[in-house]
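Chemist: Have a look at this one before I ask anything.
The values are calculated or read from the model by the stated rules, or taken from the named source; none is laboratory data. Quantities reported herein were computed from a predicted structural model and do not represent experimental measurements. Cβ: placed from backbone, ideal geometry, glycine included. Neighbour counts: every protein chain shown.
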Amino acid sequence: MVILEVNNLKKVYTTRFGGNQVKALSNVTFSVEKGEYVAIMGESGSGKTTLLNILAALDQPTSGEVLLDGRNMKNIKSSEMSAFRRDHLGFVFQDFNLLDNFSIEDNIFLPLVLAKNDHKTISEKLSPIAKKLGIEAILPKFPYEVSGGEKQRAAVARALITSPLLVLADEPTGALDSRATDHLLELFTKINHEGQTVLMVTHSTKAASHAGRVLFIKDGEVFHQIYRGDMTTESMYQKISDTLTLITTGGLQNA
Amino acid sequence: MHKWFYTKMALGNLGKNRKIILPYLIMSIGIITMFYIMHAIAINEGLASLPGADSIITILFFGTVVIGIFSAIFMFYTNSFLIKQRKKEIGLYNILGLEKKHIAKMLSIETFFIALVAMTFGLLGGMVLSKLMFMILLRLLGFDVTLKFAVSGVSILISVLLFGGIFLSTLLFNVGHIHLSRPIELLKGGNLGEREPKSKWIMALTGAMALGAGYYIALTVESPLEAIFIFFIAVVLVMIGTYLLFTTGSIVVLKMLRRNKNFYYKTKNFTSVSGMIYRMKQNAVGLANICILSTAVLVSLSTTVSLYMGMEDVLETRYPHEIGIMMPGGIPEDHEKVNEMVNQLVAEKNVELEHFNTVRTKGFPVVVSDNEFIVDLDKGFDFKMNFVQLVPLEDFNILENSNVELNEDEILIYTNLEALGLESIVLGGSEFQVKEELADSLLEPKSETALMMNIYVVVEDAETLHGIYNTIFGGDDQTLDYITSIDVIGTDEAELAFNNGIYGGVSGFDFDIRADSKMLSKDSFLSAYGGFLFLGIFLGTLFLMATVLIIYYKQISEGYDDKVRFDIMQKVGMGESEVKSTIKRQIVMVFFIPLIAAIVHISFAFNVIVKMLALFSFSNISLFMVCTAVTVLIFAIIYFIVYALTARAYYRIVQ
């Protein structure tokens, strides 16, 4: 079953005084099946973040369409948009985006409280997730009291607590050390095995090597993709590495 | 390096930071203008030459000192805000290669420009407006004269010295501050990992107790003389209470709300309560300042306006007749001389006598215990004391135009405050039957706010009176206090001549006597009360300016803090309309709490202020109530406008 369908997406930024036009995305088409773990890779400036912002409905495409769960996002009224986003999408950001005035627990509760759930329901939802992510001990602490890895796990918990259709992760390992990175990537693999669909944007080969499929974006287009098949993470890493080398040196274009 | 490099840089910085520098500059100009005006008027020679101007000059000098102190405190306060906002910028310069001495140079040039502009415009504004203010003051004082008013060199000099000094000290403070911090600290600026504030129960309880005690004292004070001493104690207690409750009490309450899970995990309360905990940590002192300044504005304006508007009443209370002549310890022969003098003046100055009466009394302090009037000569002065005024029946009957008869052991009794309700009294060892306690009398009007209770005891005749007095005090005193009241009818000029004649005549006698003319006292009343009003409006405006600026800076600094927070909330699924309503709820709470607290303060202060106003013979409570209500209303409207304007600045930052 297809959860996310992206068709001929195009995004052109116009500079403030209307002079220059910058094409961030020229023609992006791909789809994500339920239960998939997809990584989108590309260099800085390749349009990754623009794509993610459009998928998250934080930005509007110039043309093309995004269908989430069969609904065209363009047709969702702006008044319903935040509710829609809240119910269907979970977000994990590079810089965690935890609120420093909430405890870790309250940070995780935030989307559910915004969705007007009562305290009993939300605390019931929290305990299995907190257990799975190993953050039970830090729940009453505040963001400034815990490590980066713990913050990111809390952010993952916040993304998962609404049981979203799709988790969007934007460079989730970008601010973490290697141990915390490994830990987090294992977590993503684990939740993916439990059926959670994940779409991750990254330029870390290591992060991408955990995914089931890797899409490469260059100059605003999907340039290439790799399926994991039954490859190990190590050989996946090797293959991504090779592909990146080819893209940067321009070899693949001629292949 | 080019020699204008730093100047260019400084000017560039000022331009880039205009959002926060401009209000600071405008406020500095305003303060300098006000200081100059106050000082220039206070030292004006023309004013000193006017009759009864002594009190107004004292008041104006007092005002100058208050403005001076206040400006120093306030400019430091805003400066510390400015430098906090600019930490990041300065840290960046430091990292890009400017040494600290270069930064100091740049800051010095900046301060120089700010000081130059502020002083130039402030003094120009002062020179232009001082003439207008002076005319307004003269009108308030009731002087119908035009006085020369020139630019005052002394005032300019003093203003430049004072404010130059203040600007210099802020600069030194900033340079010292930057010198002590490392560039990385500066770069991180305000957003160092913020700790959640702790609940400080003891402080919060102390605050509540201080506030409660202040309120209790203010509510229960009874005697006006006590009120003046106690007012300052109450003010200090309430100030301590306000600061403690804003800083710690708010946190305690908010944390209690947070512990209530069913309340806390509601969409509305969730973001507000936790947001408020942080807001209160950063802003409690600022909000307490706003609250206290607002209270100061309200108190100074409502009292001075009431005093000024109620002046006619005050004159009426203080001077029931046009002229009062008091001859303490007098004898009949001297009294005859006074009568002669008055009659002669009536003929001479061409006025007609409307009322001319003398009451003889003998007064002494007593303490009333049951029905006994105890005289204790060794005891010092006490607020609980009452004054007994013995009056012979003859004088009472003439005054009241009545023909009451009394036996030797009978008396009439009357007080200027509440009735005593006694059937008999014991005075000087003898018991007297109260034939009647009068509900009203021309001896003295009833009052609710009189400083002391006067108990008039009307006795059979002067002989009885002397008998009582000499039994108590021993000796053989045959003198009496002669209190003469006069009303005349005539043209204004004739009346003025008559009043002056009485003053002249009285000063010619060789015995103890003095006269009080309503007409001639009015000027000194106008001078004092007009001066108070002028000062009240002036200080009120100053405090208001300070309040406005604090509100503005609060909105801006909170805007930058909250922007990050609301961005995140929008990302995790908060709608734009929800963001807006959350923001609105928070800033409404934050900015209207001080106003509400100020109004509560002033309501509790009402009693003690009324008592203090009684010292100025002001007893028109309903007038004071109206003045207070109107002042509060106007202030609330201004406050609201300021809030609305600055809230726009806030929204622009957040969105």
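Yes/no per residue for (1) within 14 Å of chain A (Cβ to nearest Cβ); (2) of a type in the set (F, W, Y); (3) farther than 25 Å from B:M27 by Cβ; (4) surrounded by fewer than 20 Cβ atoms within 10 Å (Cβ to Cβ):
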{"residue": "B:L544", "(1), (2), (3), (4)": "no, no, no, yes"}
{"residue": "B:L549", "(1), (2), (3), (4)": "no, no, no, no"}
{"residue": "B:Q586", "(1), (2), (3), (4)": "yes, no, yes, yes"}
{"residue": "B:A605", "(1), (2), (3), (4)": "no, no, yes, no"}
{"residue": "B:F618", "(1), (2), (3), (4)": "no, yes, yes, no"}
{"residue": "B:C627", "(1), (2), (3), (4)": "no, no, yes, no"}
{"residue": "B:R652", "(1), (2), (3), (4)": "no, no, no, yes"}
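Chemist: In this structure, is B:R565 under 30 Å from A:G90 (Cα atoms), away from chain A (no Cβ under 12 Å) and in contact (Cβ under 8 Å) with a residue 24 or more places away in the chain? Show your work before the answer.
Modeler: Details: under 30 Å from A:G90 (Cα atoms): yes; away from chain A (no Cβ under 12 Å): no; in contact (Cβ under 8 Å) with a residue 24 or more places away in the chain: yes.
Taking the combined requirement at face value, the residue does not satisfy it.
Chemist: Within the bounds of region B:255-263, is there any residue that is more than 14 Å from every other protein chain (Cβ to nearest Cβ), among the hydrophobic types (A, V, I, L, M, F, W, C) and surrounded by 16 or more Cβ atoms within 10 Å (Cβ to Cβ)? Even if it seems obvious, please write down each step before you answer.
Modeler: Here is the first cut: in region B:255-263, the ones more than 14 Å from every other protein chain (Cβ to nearest Cβ) are B:256.
Checking which are among the hydrophobic types (A, V, I, L, M, F, W, C) leaves us with B:256.
Then keep just the ones that are surrounded by 16 or more Cβ atoms within 10 Å (Cβ to Cβ); that gives none.
Taking every residue of region B:255-263 in turn, none turns out to be more than 14 Å from every other protein chain (Cβ to nearest Cβ), among the hydrophobic types (A, V, I, L, M, F, W, C) and surrounded by 16 or more Cβ atoms within 10 Å (Cβ to Cβ).
Chemist: Next question. Can you tell me which residues in region A:229-247 are out of contact with any Ser or Thr (no Cβ under 9 Å at 6 or more places or on another chain) and surrounded by 18 or more Cβ atoms within 10 Å (Cβ to Cβ)?
Modeler: A:T243, A:I247, listed by residue number.
Chemist: While we're on this one: Being surrounded by 15 or more Cβ atoms within 10 Å (Cβ to Cβ), within 12 Å of chain B (Cβ to nearest Cβ) and of a type in the set (S, T, Y): is that true of A:T162 here? Give the derivation first.
Modeler: Working: surrounded by 15 or more Cβ atoms within 10 Å (Cβ to Cβ): yes; within 12 Å of chain B (Cβ to nearest Cβ): yes; of a type in the set (S, T, Y): yes.
For A:T162, the condition - surrounded by 15 or more Cβ atoms within 10 Å (Cβ to Cβ), within 12 Å of chain B (Cβ to nearest Cβ) and of a type in the set (S, T, Y) - is met.
Chemist: So, one more: Would you please name the residue that is modelled with the lowest pLDDT, looking only at residues in region B:51-84 that are in contact with a Leu (Cβ under 8 Å, 6 or more places away or on another chain) and more than 24 Å from B:L293 (Cβ to Cβ)?
Modeler: The residue in question is B:G52.
Chemist: Can you spot a residue in region B:306-326 that is touching a residue at least 12 places away in the same chain (Cβ under 8 Å) and on the phi > 0 side of the Ramachandran plot? Steps first, answer last, please.
Modeler: Restricting attention to region B:306-326, the residues satisfying the condition of being touching a residue at least 12 places away in the same chain (Cβ under 8 Å) are B:306-311, B:313-315, B:317-326.
Of the ones still in play, those that are also on the phi > 0 side of the Ramachandran plot are none.
Within region B:306-326 (the criterion being touching a residue at least 12 places away in the same chain (Cβ under 8 Å) and on the phi > 0 side of the Ramachandran plot), the answer is no, since none of the residues qualifies.
Chemist: Name, by its number, the condition in (1) crowded, with 22+ Cβ neighbours inside 10 Å; (2) modelled with pLDDT of 85 or more that does not hold for A:E65.
Modeler: So A:E65 meets the others, but not (1).
Chemist: From B:F498, B:F543, B:F592, B:F525, which residue is at pLDDT 85 or above, closer than 30 Å to B:G310 by Cβ and of a type in the set (F, W, Y)?
Modeler: Values: B:F543 fails: at pLDDT 85 or above; B:F592 fails: closer than 30 Å to B:G310 by Cβ; B:F525 fails: at pLDDT 85 or above.
Among B:F498, B:F543, B:F592, B:F525, only B:F498 is at pLDDT 85 or above, closer than 30 Å to B:G310 by Cβ and of a type in the set (F, W, Y).
Chemist: Output the residues belonging to region B:449-465 that are touching a helix residue (DSSP H, G or I) at 6+ places or on another chain (Cβ under 8 Å) and within 18 Å of B:F432 (Cα to Cα).
Modeler: First, pick out the residues of region B:449-465 that are touching a helix residue (DSSP H, G or I) at 6+ places or on another chain (Cβ under 8 Å): B:449-451, B:458-462.
Result: B:V458, B:V459, B:E460, B:D461, B:A462.
Chemist: Let me confirm something: among B:S577, B:S603, B:S581, B:S557, which residue is farther than 30 Å from A:L168 by Cβ and modelled with pLDDT under 85?
Modeler: Working: B:S577 fails: farther than 30 Å from A:L168 by Cβ; B:S603 fails: modelled with pLDDT under 85; B:S581 fails: farther than 30 Å from A:L168 by Cβ.
Selected residue: B:S557, the only one of B:S577, B:S603, B:S581, B:S557 that is farther than 30 Å from A:L168 by Cβ and modelled with pLDDT under 85.
Chemist: Related question: Just to be sure, is B:L245 surrounded by fewer than 20 Cβ atoms within 10 Å (Cβ to Cβ) and not aromatic (F, W, Y)? Walk me through it before giving the result.
Modeler: Working: surrounded by fewer than 20 Cβ atoms within 10 Å (Cβ to Cβ): no; not aromatic (F, W, Y): yes.
In short, no.
Chemist: Report, by residue number, each residue of region A:110-130 that is more than 7 Å from every other protein chain (Cβ to nearest Cβ) and within 24 Å of the chain's Cα centre (by Cα).
Modeler: Passing the criteria: A:L112, A:A115, A:K125, A:L126, A:S127, A:P128, A:I129, A:A130.
Chemist: Can you tell me which of A:L25, A:L58 is within 14 Å of another protein chain (Cβ to nearest Cβ) and within 19 Å of the chain's Cα centre (by Cα)?
Modeler: Just one listed residue meets the conditions, A:L58.
Chemist: Same structure, new question: Quick check, is B:M106 out of contact with any Gly (no Cβ under 7 Å at 6 or more places or on another chain), more than 13 Å from B:S28 (Cα to Cα) and of a type in the set (A, V, I, L, M)? Talk me through it step by step, then tell me what you get.
Modeler: On the way: out of contact with any Gly (no Cβ under 7 Å at 6 or more places or on another chain): yes; more than 13 Å from B:S28 (Cα to Cα): yes; of a type in the set (A, V, I, L, M): yes.
So B:M106 fits the description; yes.
Chemist: Can you tell me which residue within region B:201-227, out of those that are in a loop (DSSP other than H, G, I, E, B) and of a type outside the set (S, T, Y), is nearest to B:M385 (Cα to Cα)?
Modeler: So the residue we want is B:E222.
Chemist: A:L51 versus (1) at the interface with another protein chain (Cβ under 10 Å from one of its Cβ atoms); (2) more than 21 Å from B:T271 (Cα to Cα); (3) surrounded by 21 or more Cβ atoms within 10 Å (Cβ to Cβ): which is the lone unmet condition?
Modeler: (1)
Chemist: Next up: Can you name the residue in region A:131-156 that is among the small types (G, A, S) and farther than 19 Å from B:T271 by Cβ and is also farthest from the other protein chains (Cβ to nearest Cβ) among such residues? Write out each step before concluding.
Modeler: Quick first cut of region A:131-156, residues among the small types (G, A, S) only: A:134, A:137, A:147-149, A:154-155.
Cutting the leftovers down to farther than 19 Å from B:T271 by Cβ gives us A:134, A:137, A:147-149.
Numbers: A:G134: 22, A:A137: 18, A:S147: 13, A:G148: 13, A:G149: 17 Å.
Per the stated criteria, the residue is A:G134.
Chemist: State whether the residues of region B:414-427 include one that is among the hydrophobic types (A, V, I, L, M, F, W, C), assigned to a strand (DSSP E or B) and in contact with an Asp or Glu (Cβ under 6 Å, 6 or more places away or on another chain). Please lay out each step first, then the result.
Modeler: Applying the first criterion (among the hydrophobic types (A, V, I, L, M, F, W, C)) to region B:414-427 yields B:417, B:419-420, B:422, B:425-427.
Now narrow it down to the ones that are assigned to a strand (DSSP E or B): B:425-427.
Those left that are additionally in contact with an Asp or Glu (Cβ under 6 Å, 6 or more places away or on another chain): B:426.
Scanning region B:414-427 turns up at least one residue that is among the hydrophobic types (A, V, I, L, M, F, W, C), assigned to a strand (DSSP E or B) and in contact with an Asp or Glu (Cβ under 6 Å, 6 or more places away or on another chain).
Chemist: Within region A:74-95, is even one residue at the interface with chain B (Cβ under 8 Å from one of its Cβ atoms) and either over 22 Å from A:A115 (Cβ atoms) or assigned to a loop (DSSP other than H, G, I, E, B) (or both)?
Modeler: yes
Chemist: Residue under question is A:L112, and the condition is that it be surrounded by 21 or more Cβ atoms within 10 Å (Cβ to Cβ) and aliphatic (A, V, I, L, M); does it hold? Working first, answer last.
Modeler: Details: surrounded by 21 or more Cβ atoms within 10 Å (Cβ to Cβ): yes; aliphatic (A, V, I, L, M): yes.
Taking the combined requirement at face value, the residue satisfies it.
Chemist: Just need a number here: residues in region A:175-195 that are in contact with an Asp or Glu (Cβ under 8 Å, 6 or more places away or on another chain) and surrounded by fewer than 16 Cβ atoms within 10 Å (Cβ to Cβ).
Modeler: Adding up the residues that qualify gives 0.
Here is a yes/no grid of residues against (1) within 14 Å of chain A (Cβ to nearest Cβ); (2) in contact with a strand residue (DSSP E or B) (Cβ under 9 Å, 6 or more places away or on another chain); (3) not hydrophobic (A, V, I, L, M, F, W, C):
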{"site": "B:G505", "(1), (2), (3)": "no, yes, yes"}
{"site": "B:L539", "(1), (2), (3)": "no, no, no"}
{"site": "B:K571", "(1), (2), (3)": "yes, yes, yes"}
{"site": "B:G575", "(1), (2), (3)": "yes, no, yes"}
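Chemist: Further question: Go through (1) within 39 Å of the chain's Cα centre (by Cα); (2) buried (at least 19 other Cβ atoms within 10 Å of the Cβ); (3) assigned to a helix (DSSP H, G or I) and name the single condition B:L443 misses.
Modeler: All conditions pass for B:L443, except number (3).
Chemist: What do you reckon, is A:E171 closer than 20 Å to A:T50 by Cα and away from chain B (no Cβ under 13 Å)? Outline the logic, then answer.
Modeler: Numbers: closer than 20 Å to A:T50 by Cα: yes; away from chain B (no Cβ under 13 Å): yes.
Here the answer is yes, as A:E171 does meet what is asked.
Chemist: Is it the case that region B:592-605 has a residue that's assigned by TED's automatic domain parsing to the domain that holds B:T304, in contact (Cβ under 8 Å) with a residue 60 or more places away in the chain and under 30 Å from A:V167 (Cα atoms)?
Modeler: Scanning region B:592-605 turns up no residue that is assigned by TED's automatic domain parsing to the domain that holds B:T304, in contact (Cβ under 8 Å) with a residue 60 or more places away in the chain and under 30 Å from A:V167 (Cα atoms).
Chemist: Anything in region B:107-143 that is under 23 Å from B:L533 (Cα atoms) and not hydrophobic (A, V, I, L, M, F, W, C)? List them, or say none.
Modeler: Filtering region B:107-143 for residues under 23 Å from B:L533 (Cα atoms) gives B:125-143.
B:G125, B:G126, B:S130, B:K131, B:R139, B:G142, listed by residue number.
Chemist: If you go through region B:264-275, how many residues are more than 9 Å from every other protein chain (Cβ to nearest Cβ) and either in contact (Cβ under 8 Å) with a residue 40 or more places away in the chain or small (G, A, S) (or both)?
Modeler: Qualifying residue count for the region: 2.
Chemist: Okay, moving on. Among the residues of region B:517-541, which ones are surrounded by 19 or more Cβ atoms within 10 Å (Cβ to Cβ) and closer than 30 Å to B:N350 by Cα?
Modeler: B:S517, B:F525, B:L526, B:S527
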